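One structure is given below, encoded as structure tokens.
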Amino acid sequence: MWEQERGGADGADGAEDRREGSRRGRRRSEGWGDREGREGREARPELPPQSPEEQARAICLRLLTGMPRTRRQLADALAKRDIPEEVSEQVLSRFEEVGLIDDAAFAGAWVESRHRGRGLARRALAQELRTKGVAPTLVQEALEQLDSDQEEETARELVERKLRATRGLERDKRIRRLAGMLARKGYPEGMALRVVRRALEAEGEDPDGLMG
């Protein structure tokens, strides 16, 4: 009986010792963890703030990743982020030297894409390029890829696509609607009326009653 009581007491004491040892181990482990975390934070070097040049390069690269931009567009973006003008000019000139900025290529691709995709005429294309800061000489060079014959052919295609939607309207209203559509895309008034008149004649409208 004494053996059983002594064994029970020893077992209880042993369990208590084990629990105390476990608590000490957790405290020691937690202490080391806190100390290591503090030392890690103290040892980790802080990154120095970016210079204006680094900021400008990062902004330009981020914008150019999405789509081509003109020098003026990038300069405007840098100005909005308070990059000094002299820094902006330096970075943009370097980007031009390595070919990351090419306003001539931008203008040529813009004319081709917008004429083919939206049917825009030279007048509308020139206005868009000017608003993007492309130099007048580069605008003119880009527009040279479109001649009057190509422009008129595109105008005819635009009218043919819209012609059916105007059927049932009065003749004069059809003319105004179709010619107005071409005018909004930058086509000269004379060309627009000529194309509309020929399209309606081909459809069977009385040519004597048509404008122009």
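Could you check region 142-157 and list, in sequence order, the residues that are of a type outside the set (Gly, Ala, Ser), assigned to a helix (DSSP H, G or I) and either crowded, with 16+ Cβ neighbours inside 10 Å or out of contact with any Gly (no Cβ under 8 Å at 6 or more places or on another chain) (or both)?
LEU143, ASP149, GLN150, GLU151, GLU152, GLU153, THR154, ARG156
Across region 72-94, the qualifying residues are those that are under 22 Å from the mean Cα position of the chain (by Cα), farther than 24 Å from PRO136 by Cα and not acidic (Asp, Glu), and the one among them that is least open to solvent (accessible area, probe 1.4 Å) is ILE83.
For region 191-212, filtered to residues that are among the small types (Gly, Ala, Ser) and closer than 22 Å to ARG116 by Cα, the residue that is modelled with the lowest pLDDT is ALA199. Screening LEU120 on (1) of a type outside the set (D, E, K, R); (2) closer than 30 Å to ALA75 by Cα; (3) open to solvent by 80 Å² or more (accessible area, probe 1.4 Å) shows it passes everything except condition (3).
Go through (1) open to solvent by less than 40 Å² (accessible area, probe 1.4 Å); (2) of a type in the set (Val, Ile, Thr); (3) over 23 Å from ALA155 (Cα atoms) and name the single condition THR137 misses. Failed condition: (1). Of everything in region 158-178 that is in a helix (DSSP H, G or I) and aliphatic (A, V, I, L, M), the residue that is surrounded by the most Cβ atoms within 10 Å (Cβ to Cβ) is LEU178.
The values are calculated or read from the model by the stated rules, or taken from the named source; none is laboratory data. All values derive from a computational prediction rather than experimental measurement. Positions of Cβ are generated from backbone atoms using ideal geometry, with glycine treated the same way; all protein chains shown enter the neighbour counts. With ligands, DNA and RNA removed, areas are computed over all heavy atoms of the protein, side chains included. Shrake-Rupley method; radii C 1.70, N 1.55, O 1.52, S 1.80 Å.
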